[in-house]
Amino acid sequence: MLSPEELERYSRQIPVIGVEGQLRLKNSSILVAGAGGLGSVVLYYLVAIGVGKIIVIDEGLVELSNLQRQILYTVDDIGKPKVTVAYHRLKRLNPNVEITPIHARITEEIIDDYVRSVDVVVDALDNWETRFILDKACWRLGKPLVHAGVGEFYGQVTTIIPGKTPCLRCLFQGVDKTEKKPVIVMGHVPGLLGLLEVNEVVKIILGVGEPLINKLALFNAKTNSMEIVEIKKFECQVCQE
Amino acid sequence: MPVKVNITGKGEPRIIEVSRIRVKDLLAKLGLNPTEYVVLKDGEILVDDDEVVDGEVVTVFTVKSGG
């Protein structure tokens, strides 16, 4: 049930999705892995539109070089754990949302418990090694994983559904998973791609539209173009073993 | 017929004059880092040692790791 405050708060989207749709959002739980450039935007909008529960996990502290793109944070937050700052800021945006901040590194030892407890997982990470740990957990536990990655003026988004699509590892099997380098990206680009991730989550939760299942959206901010590449066949030792 | 390569976001397709080439050699010929690009043929993801032959069309796109 929605309270009078919630009915007023969501009054500009309830005509689109109905009270039933709003309740679906309210009854949903999302794990957001990463509270950086993508994560800032993903968290802001998931909280604003009224999902019920969010777990956010990130090991980072706010740094000056984050502020060009990580819009959850300000200079006053430098040196503080991102998830703690995010928790307080997001609670002020929408106190109806239950937010659980986890200040930790994603490892195989801890990730299953968090993945198991949610409906959808969002990859807002910045390196392949951690992404593949998350991907494997989602595969094991049968949870949808919304992926995005960004660099310079570009980015990609896709939705991984265990049993229906290739896993992230087999989609991107050529990438160097040990590569660790600073994120080089225009500040607004994670915002654009993060919003596309939110859009994927909304479609999955509400069962509307066409999530990017077996489709990879390649976004080029220089030309304002998005190319959709269709994945028809795949082989993988992770998801087909 | 040569191999035709569509590199997303790079305009006109590239034509590679070979009768048979492995994916990793194709990327090297194009000057692309294999750890940053994915190659698709008819919607199928190809790996380094897969071969592309005369007359086939492949799509090559870059993947980004930042967040």
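The values are calculated or read from the model by the stated rules, or taken from the named source; none is laboratory data. Here the structure is a predicted model, which is why all the values come from computation and not from measurement. Ideal geometry is used to build each Cβ from the backbone, glycine not excepted, and the neighbour counts take in all protein chains shown.
Select from region A:158-192 the residues that are more than 8 Å from every other protein chain (Cβ to nearest Cβ), within 16 Å of residue A:131 (Cα to Cα) and assigned to a helix (DSSP H, G or I) and list them in ascending order.
Result: A:168, A:169.
Checking residue B:34 against (1) surrounded by 15 or more Cβ atoms within 10 Å (Cβ to Cβ); (2) of a type outside the set (Ser, Thr, Tyr); (3) out of contact with any Lys or Arg (no Cβ under 8 Å at 6 or more places or on another chain): exactly one of these is not met. Which one?
(3)
Inside region A:123-157, can you point out the residues that are at the interface with chain B (Cβ under 7 Å from one of its Cβ atoms) and touching a strand residue (DSSP E or B) at 6+ places or on another chain (Cβ under 7 Å)?
Once the filter is applied, which keeps residues that are at the interface with chain B (Cβ under 7 Å from one of its Cβ atoms) and touching a strand residue (DSSP E or B) at 6+ places or on another chain (Cβ under 7 Å), region A:123-157 yields A:124, A:125, A:126, A:149, A:150, A:151, A:154, A:155, A:156.
Could you tell me which of the residues B:24, B:29, B:4 is more than 14 Å from chain A (Cβ to nearest Cβ), assigned to a helix (DSSP H, G or I) and not hydroxyl-bearing (Ser, Thr, Tyr)?
Just a single option satisfies the conditions, and that option is B:29.
Of (1) among the charged types (D, E, K, R); (2) touching a residue at least 24 places away in the same chain (Cβ under 8 Å); (3) assigned to a loop (DSSP other than H, G, I, E, B), residue A:197 satisfies all except one. Which?
Among (1) among the charged types (D, E, K, R); (2) touching a residue at least 24 places away in the same chain (Cβ under 8 Å); (3) assigned to a loop (DSSP other than H, G, I, E, B), the lone unmet condition for residue A:197 is (3).
Of the residues A:206, A:195, which single one is more than 10 Å from chain B (Cβ to nearest Cβ), within 23 Å of residue B:9 (Cβ to Cβ) and modelled with pLDDT of 95 or more?
Being more than 10 Å from chain B (Cβ to nearest Cβ), within 23 Å of residue B:9 (Cβ to Cβ) and modelled with pLDDT of 95 or more holds for just one of A:206, A:195, which is A:195.
Out of A:220, A:224, A:127, report the one residue that is under 24 Å from residue A:70 (Cβ atoms) and touching a residue at least 60 places away in the same chain (Cβ under 8 Å).
On inspection, the qualifying residue turns out to be A:220.
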